[in-house]
Amino acid sequence: FSYYGMKAVLTLYFVSYLGWDPDLSTAVYHAFSGLCYFTPILGALIADSWLGKFKTIIYLSVVYVIGHVVKSVGAIPTVGNKEMHIALSMLGLILIAFGTGGIKPCVAAFGGDQFDEENRQKFFSIFYMSINAGSLLSTVITPILRGEYCYALAFGVPAALMVVALVVFIAGCGLYKRNPPQGNILLEVCRCIGFAIKNRWKSSKYDPKRKHWLDWAEEKYSKRLIQEIKMVLRVLVLYIPLPMFWALFDQQVWKNRRLESGQRQSTNSFTPMCHTIDMLNALLILVFVPIFDLLIYPLVGLCRINITPLRKMVTGMIFAALAFGAATLVEVQVVVRMSNKAINLTVGQESFHVPGDYSVSPNQTVPRSEYPDVSCISQSEECSDLNLGLLDFGASYTVILTNESDTIVPHKMEDVQANNVHIAWQIPQYVLLTAGEVMFSITGLEFSYSQAPANMKSVLQAGWLLTVAFGNVIVLIVAEGAGLEQWKEFALFAGLLLGVSIIFSFMAYFYTYVDPDQLDKIYQKDSGKEEDDKKQKTDDIQMNNKGKETRM
């Protein structure tokens, strides 16, 4: 609730309270979202190398709460001027990004530590359901708390709930299973990789071959550490194609922000349709998780189909690609004609230049909105702002400008009717997309935990979350840089994800699952043998030395 409740009104806060334009607001929103998924690597390193997961969650949750409080204070109208509001808001968002990002991998890994393998899958399912339950409630409640302009209350309630969550978490400290940190594991990993590369580079062609390039570090580092690094690197390589799933999934948020921006060009009212769609996704997850865990997966198992975690993820990616392949949003097409005089019009952010001599302007695409005061500039006639009324989705309009009583008057014709398809037709697409998310995201959390050695659980969870961050980066680059129409963006991302799914399926086919617990048993035995060998060698040396002393 704390995280999604704050984000539910964040873009609206930028536009209506701070006075930013919609493009800047949307860019800052996605930059903040991306930062929240880049910072988990920092929290994971602190947890696995220094403080442990429990203390890391507590300390970074305090940073999280401070960020919420600063953000709330920055939304109080009587606190300073606009520059002060912007400074406090940005400081608050940075602290929130470090707080929420830092605890994300630790919470998932710490929760997984509390359960055995049999119950761990249930935990991750319930964990993901709780996240979406909070998201659903916050999406409903926070906009109501905001009212007209009460952003301080809308940001303050998530801050208060985060305090409650922290108190409840600390209250259970005596009940938790805690795994101690293993020292500066990242530094040790980097040194081991560097030594292996250096040793391999210096080796000659006469040196014996090694099965893996990391085996060149055996002269200095333990076999156990080398094997653990191999496990982590194999999973991270497997994650390389996954940002494309989140890039496509994030398109629904990007689309909703565009719709909100288009409506806010004419009104500051809350946009219920966009948040209704966001709520639908969270609601479907709450329904689908128990259905998949209690019905679909057991039925598939009864059919003697081995549905491994990676197969679930591949299926989820294909579902998402099919869902967005069917989703397009046709925007408004407008062309302007003029009788015999040159004129310039600005509709939204698009400019129409109509030369004289009964010419026609180029066709332009504009967002759906009411346009009651279109800017009109003419050198020869009186040209006041023109009222074009509603330009609706999917329509194509021709606006003919005529001179009546020395005044330019617009006559709007609807060449192609606006879309009359009910928004409920998007529900099947969201059902398919959410089914893909359930199979992909929950399984990814569980897979990241199960395939990580004990001293790198949080690090690998952070690696999983980084796929979300890079997905946000892809969206920012394509949406801001490519300048494609939205339906083309949807088709592009759907096609790319389908191709990535094929690549990922081949990578998954050749992946060999590991059991970190078995690794512990193997190397405990090996370490015992090594100690016995060392002891035997020491005894032999002592016996030899004793014999020499006798002869002397």
- [ ] Look at segment 101-132 and say how many of its residues are outside any helix (DSSP H, G or I) and of a type in the set (F, W, Y).
- [x] 1
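Looking only at segment 36-90, count how many residues are among the small types (G, A, S) and over 23 Å from the mean Cα position of the chain (by Cα).
Result for segment 36-90: 7.
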Open item on the list: Given the criteria under 30 Å from T434 (Cβ atoms), at pLDDT 75 or above and open to solvent by less than 20 Å² (accessible area, probe 1.4 Å), does A327 qualify?
Closed with: no
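Which members of segment 18-28 meet the condition of being surrounded by 21 or more Cβ atoms within 10 Å (Cβ to Cβ) and either over 24 Å from G156 (Cβ atoms) or aromatic (F, W, Y) (or both)?
If the condition is that a residue be surrounded by 21 or more Cβ atoms within 10 Å (Cβ to Cβ) and either over 24 Å from G156 (Cβ atoms) or aromatic (F, W, Y) (or both), then T26 is the only one that fits.
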Open item on the list: Of the conditions (1) among the hydrophobic types (A, V, I, L, M, F, W, C); (2) modelled with pLDDT of 90 or more; (3) more than 29 Å from the chain's Cα centre (by Cα), W201 satisfies every one except a single condition; which number is it?
Closed with: (2)
- [ ] Please list, ordered by first then second residue, the pairs with beta carbon atoms under 7 Å, 6 or more apart or interchain, first in segment 337-358 and in a loop (DSSP other than H, G, I, E, B), second among the acidic types (D, E) and at pLDDT below 75.
- [x] N340/D357; K341/E381
Open item on the list: Considering only residues that are at positive phi and modelled with pLDDT of 80 or more, which ones fall in segment 345-395?
Closed with: G389
Open item on the list: When you scan segment 405-420, do you find a residue that is under 30 Å from V287 (Cα atoms) and at pLDDT below 80, even just one?
Closed with: yes
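Quick check, is N340 at pLDDT 65 or above and open to solvent by 50 Å² or more (accessible area, probe 1.4 Å)?
On the way: at pLDDT 65 or above: no; open to solvent by 50 Å² or more (accessible area, probe 1.4 Å): yes.
The answer is no for N340.
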Open item on the list: Would you confirm, using the coordinates I've provided, whether G102 is crowded, with 20+ Cβ neighbours inside 10 Å, of a type in the set (G, A, S) and in contact with a Leu (Cβ under 7 Å, 6 or more places away or on another chain)?
Closed with: yes
TODO: For residues that are under 30 Å from F115 (Cβ atoms) and open to solvent by 100 Å² or more (accessible area, probe 1.4 Å), tally how many sit in segment 177-225.
DONE: 4
Task: Conditions (1) touching an Asp or Glu at 6+ places or on another chain (Cβ under 9 Å); (2) of a type in the set (A, V, I, L, M); (3) within 30 Å of L18 (Cα to Cα): number failed by A152 - done: (1)
Task: strands (runs of 3 or more DSSP E) contained entirely in segment 365-474, each with at least 1 residues that are open to solvent by 20 Å² or more (accessible area, probe 1.4 Å) and either in contact (Cβ under 8 Å) with a residue 40 or more places away in the chain or in contact with a His (Cβ under 9 Å, 6 or more places away or on another chain) (or both) - done: 369-371, 396-404, 407-416
Open item on the list: With in contact with a Phe, Trp or Tyr (Cβ under 6 Å, 6 or more places away or on another chain) and among the polar types (S, T, N, Q) as the only criterion, which of S72, S33, S61 stands out?
Closed with: S72
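Matching residues to (1) touching a helix residue (DSSP H, G or I) at 6+ places or on another chain (Cβ under 8 Å); (2) without any contact (Cβ under 8 Å) to a residue 12 or more places away in the chain:
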site	(1), (2)
R120	yes, no
C150	no, yes
A159	yes, no
I197	yes, no
K202	no, yes
E218	yes, yes
TODO: Please indicate, with yes or no, whether at least one residue in segment 115-133 is of a type in the set (S, T, Y), within 24 Å of L45 (Cα to Cα) and crowded, with 20+ Cβ neighbours inside 10 Å.
DONE: yes
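The values are calculated or read from the model by the stated rules, or taken from the named source; none is laboratory data. In this text, all values refer to a predicted model and were calculated from it rather than measured experimentally. Virtual Cβ from ideal backbone geometry, glycine too; neighbours counted across all protein chains shown. Each accessible area value is taken on the protein alone, full model and side chains, heavy atoms only, with ligands, DNA and RNA left out. Shrake-Rupley method; radii C 1.70, N 1.55, O 1.52, S 1.80 Å.
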